[in-house]
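Take a look at the structure set out below.
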Amino acid sequence: MVQQERAIQTRRVILEAAAQVFADHGYVAATIADILKTAGVTKGALYFHFDSKELLAKGVLELQTELPLPPQEIKLQEVADIAMTVAHRLPMDAVLRAGARLSSDPTGRQHYGTAWTSWIEVLTDLLAKAQQCGEVLPHVEPREIAELIVSTFHGVQLYSQLENNLTDVEYRVSVLLNHLMPSIAAPAVLLRLDVTPDRGARVFNEANHMQATEVA
């Protein structure tokens, strides 16, 4: 059991190191040597878990939607919370930054895929539940809106990164949701939605507190 836990921990260390290298240098320029140096593990340990850079990239992408957030009474709030929490975490989370960079690499993504598909599935499911609860307007197609949110979020995130090194990404995503939600949400639900710039930080802190309480 101890050996298994150590292997799981080593795998996570390797993936987080790979994410840092991919986020900083991109897929093509990233090297196994850079990832080994960042992870502080032996080549044998790395190749035990991942035998190629492609599999490392796939592993990083699989971590993208590991974002346990507190459930909300309004499912559409959970949609907004995902966007705002990712925006909050981007400047400090190499895994999320790597996911964004890997997903937008027109050459590399042919080999390892994209995080966008996973995010679209998560949002489509939440939007379908919101639809069942009568939270959205009649014209809303869950998958169509999920694709719109993922694509526009990526554009906003990329603009913020290139222009301001992500220092204003929470504000910009808040602006996006403030303009997008009125075309999606039923009026009574819209009035109750919180898409303020600090929403992601508050939700993330709440999630951490819940996890800490569970562990204790």
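A short reminder: the numbers here are calculations on the coordinates, not readings from a lab. None of the values given here were measured: they were computed from a predicted structure. Note: ideal-geometry Cβ built from the backbone for every residue, glycine included; neighbour counts use all protein chains shown.
Structural remarks
- Scan of region 51-62 for residues that are in a loop (DSSP other than H, G, I, E, B) and surrounded by 20 or more Cβ atoms within 10 Å (Cβ to Cβ), ordered by number: none
- Within region 43-50, not a single residue is touching a helix residue (DSSP H, G or I) at 6+ places or on another chain (Cβ under 7 Å), within 27 Å of N165 (Cβ to Cβ) and buried (at least 16 other Cβ atoms within 10 Å of the Cβ).
- Condition check for R6: basic (K, R), assigned to a helix (DSSP H, G or I), without any contact (Cβ under 8 Å) to a residue 60 or more places away in the chain and surrounded by 13 or more Cβ atoms within 10 Å (Cβ to Cβ): no
- Screening region 68-173 for helices (runs of 4 or more DSSP H) wholly inside it with 3 or more residues that are under 12 Å from the mean Cα position of the chain (by Cα) returns the ranges 75-89, 94-103, 116-132, 142-164.
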